[in-house]
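S.K.: Sharing a structure here in structure tokens format.
The values are calculated or read from the model by the stated rules, or taken from the named source; none is laboratory data. Keep in mind that what you see is a predicted model, and the values were worked out from it rather than measured. Here Cβ is always computed from backbone atoms with ideal geometry, including for glycine, and neighbour counts include all displayed protein chains.
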Amino acid sequence: MPLALNEQHLKSEQPKDQKTKQANVNLLELINRHAAEMDAAGLHFGHGTDNAFDEACWMASAVLGLSPDFDESLFEREVAPAEENRLRDLVAERIATRKPLAYLLGEAWFCGMSFEVNEHVLVPRSPLAELIVEGFAPWMDPGRIRRVVDVGTGSGCLGIAVAKHWSEVEVDAVDISTEALALARRNARRHDVADRVNCIESDLLEGLGDRRYDVILANPPYVPTASMTELPEEYRHEPALGLEAGDEGLNLVRRLLDQVPDHLEPGGILVCEVGEAAEAADQLLAERRIEATWLDFEHGGEGVFLVDSLNR
């Protein structure tokens, strides 16, 4: 090929190459763009993230096959057009449906572990992960815990996390929902703890006979009925059975407090999350002359009390 034609060919090809490179944006640009879109759409964040940027990062990690806590150095990674399209479609679905991202992905993260989730269970988001990792210290000696019950297990995340972190502990994961229990069993197999996590159909502790536990771990429904209509749309995709709990949000907590003395080992503890019903729960505990400790969490979260004096 003559030199002049060769130079002309190279010049004509160069803009195309440059245009192709310009079309591939980096990950941070996409995350910022989609975070702005979700904020503009008025989405609510409270099912694994608490802001649009973190939600966009989670979306990107799912689309690109990255760990949810991927290193910031990957923000400079170029995103291929096909990946960009999949991410755009996921953002559009999140905005259109208002479903929590965990339901769209079929996966949520809790205590550093991946759990299958669906609309039969609440999306895992409890601050109790901190207590589990610490073995319920300083209130319990982790080495002396042998039996734990996870009341209202849902996806099984609390009980499975206990079994995964503490290999000597046996867990009863109880729920009134058969659909939730089926999911919890799958998650127990997923994390290789099915031999130590027993999924039992029970209304709170009613179906557990004379079993006793070192730790009773409960995250029961606690949303007052009047508050249900005020919840952001994302919460309405979750099962009302796992949220609504009467006028004060304490219907199940009252029953649980009645049942606990028959199932708590001497020296054992009850840990119960009551969220926005904390003020009413504090009054209930005072009326029953139950001494409780309200817990603080390093990574955020509130509305959790601990009781160690309900033995009979």
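Residues checked against (1) among the hydrophobic types (A, V, I, L, M, F, W, C); (2) touching a Lys or Arg at 6+ places or on another chain (Cβ under 8 Å); (3) in contact (Cβ under 8 Å) with a residue 40 or more places away in the chain:
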residue	(1), (2), (3)
Glu107	no, no, yes
Val121	yes, no, yes
Glu130	no, no, yes
Asp141	no, no, no
Val148	yes, no, yes
Gly154	no, no, yes
Cys157	yes, no, yes
His165	no, no, yes
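S.K.: Ok, one more. Select, from Thr153, Thr97, the only residue that is β-branched (Val, Ile, Thr) and under 22 Å from Val197 (Cβ atoms).
M.R.: Numbers: Thr97 fails: under 22 Å from Val197 (Cβ atoms).
Only one candidate passes the filter, namely Thr153.
S.K.: Here's another thing I want to ask about it. Select from segment 127-153 the residues that are among the charged types (D, E, K, R) and surrounded by 19 or more Cβ atoms within 10 Å (Cβ to Cβ) and list them in ascending order. Explain how you work it out, then say what you get.
M.R.: Within segment 127-153, the subset among the charged types (D, E, K, R) is 130, 134, 141, 144, 146-147, 150.
Listed by number, the list holds a single entry, Asp150.
S.K.: Given the condition farther than 30 Å from Ile95 by Cβ and within 19 Å of the chain's Cα centre (by Cα), answer yes or no: does some residue in segment 220-243 qualify? Step through it out loud before you land on a result.
M.R.: Within segment 220-243, the first condition is being farther than 30 Å from Ile95 by Cβ, and the residues that meet it are 220.
In the following step, the residues that additionally are within 19 Å of the chain's Cα centre (by Cα) were identified as 220.
Yes, there is a match, as at least one residue in segment 220-243 is farther than 30 Å from Ile95 by Cβ and within 19 Å of the chain's Cα centre (by Cα).
S.K.: Give me the strands (runs of 3 or more DSSP E) completely within segment 164-281, filtered to those with at least 1 residues that are surrounded by fewer than 16 Cβ atoms within 10 Å (Cβ to Cβ) and not small (Gly, Ala, Ser), ordered by residue number. Even if it seems obvious, please write down each step before you answer.
M.R.: Values: elements: 170-175, 197-201, 213-218, 264-273.
Strands (runs of 3 or more DSSP E) meeting the threshold: 197-201, 264-273.
S.K.: Is it the case that segment 39-60 has a residue that's among the charged types (D, E, K, R), in contact with a Phe, Trp or Tyr (Cβ under 7 Å, 6 or more places away or on another chain) and not assigned by TED's automatic domain parsing to the domain that holds Arg236? Spell out how you get there, then give the answer.
M.R.: If we filter segment 39-60 for residues that are among the charged types (D, E, K, R), which is where we start, we get 39, 50, 54-55.
Right, trim to in contact with a Phe, Trp or Tyr (Cβ under 7 Å, 6 or more places away or on another chain) and you get 55.
Adding the requirement that they be not assigned by TED's automatic domain parsing to the domain that holds Arg236 leaves 55.
Yes, that holds for at least one residue.
S.K.: Under the condition of being part of a helix (DSSP H, G or I) and surrounded by fewer than 16 Cβ atoms within 10 Å (Cβ to Cβ), which residue from segment 64-73 is nearest to the chain's Cα centre (by Cα)? Explain how you work it out, then say what you get.
M.R.: Looking only at segment 64-73, we keep the residues that are part of a helix (DSSP H, G or I), and these are 64, 72-73.
Right, trim to surrounded by fewer than 16 Cβ atoms within 10 Å (Cβ to Cβ) and you get 72-73.
On the way: Glu72: 23, Ser73: 26 Å.
Once the filter is applied, the top-ranked residue is Glu72.
S.K.: Follow-up question, since we're still on this one. Given (1) surrounded by fewer than 15 Cβ atoms within 10 Å (Cβ to Cβ); (2) in contact (Cβ under 8 Å) with a residue 60 or more places away in the chain; (3) closer than 30 Å to Leu306 by Cβ, identify the lone condition not met by Gly112.
M.R.: Status for Gly112: all satisfied but (2).
S.K.: Among the residues that make up segment 212-222, is at least one of them at pLDDT 95 or above and under 24 Å from Asp50 (Cβ atoms)? Full working, then the answer.
M.R.: Of segment 212-222, the ones at pLDDT 95 or above are 212-218.
Restricting the remaining residues to those that are under 24 Å from Asp50 (Cβ atoms) gives 217-218.
Yes, some residue in segment 212-222 is at pLDDT 95 or above and under 24 Å from Asp50 (Cβ atoms).
S.K.: Give Glu93, Glu83 a once-over and let me know the one that is closer than 28 Å to Asn187 by Cα, of a type in the set (Asp, Glu) and assigned to a helix (DSSP H, G or I).
M.R.: Numbers: Glu83 fails: closer than 28 Å to Asn187 by Cα.
Testing whether each residue is closer than 28 Å to Asn187 by Cα, of a type in the set (Asp, Glu) and assigned to a helix (DSSP H, G or I) leaves just Glu93.
S.K.: Might you check whether a residue that is part of a helix (DSSP H, G or I), outside the structural domain of Pro68 (by TED's automatic domain parsing) and within 17 Å of Leu270 (Cα to Cα) occurs anywhere in segment 120-129?
M.R.: Residues of segment 120-129 part of a helix (DSSP H, G or I): 129.
Those still in the list that are outside the structural domain of Pro68 (by TED's automatic domain parsing) too: 129.
From the residues that got through so far, the ones that are within 17 Å of Leu270 (Cα to Cα) too are 129.
Looking for residues that are part of a helix (DSSP H, G or I), outside the structural domain of Pro68 (by TED's automatic domain parsing) and within 17 Å of Leu270 (Cα to Cα), one finds at least one in segment 120-129, hence yes.
S.K.: Kindly provide the set of residues from segment 273-312 that are over 25 Å from the mean Cα position of the chain (by Cα) and of a type in the set (S, T, N, Q), ordered by number.
M.R.: Gln283, Ser309, Asn311
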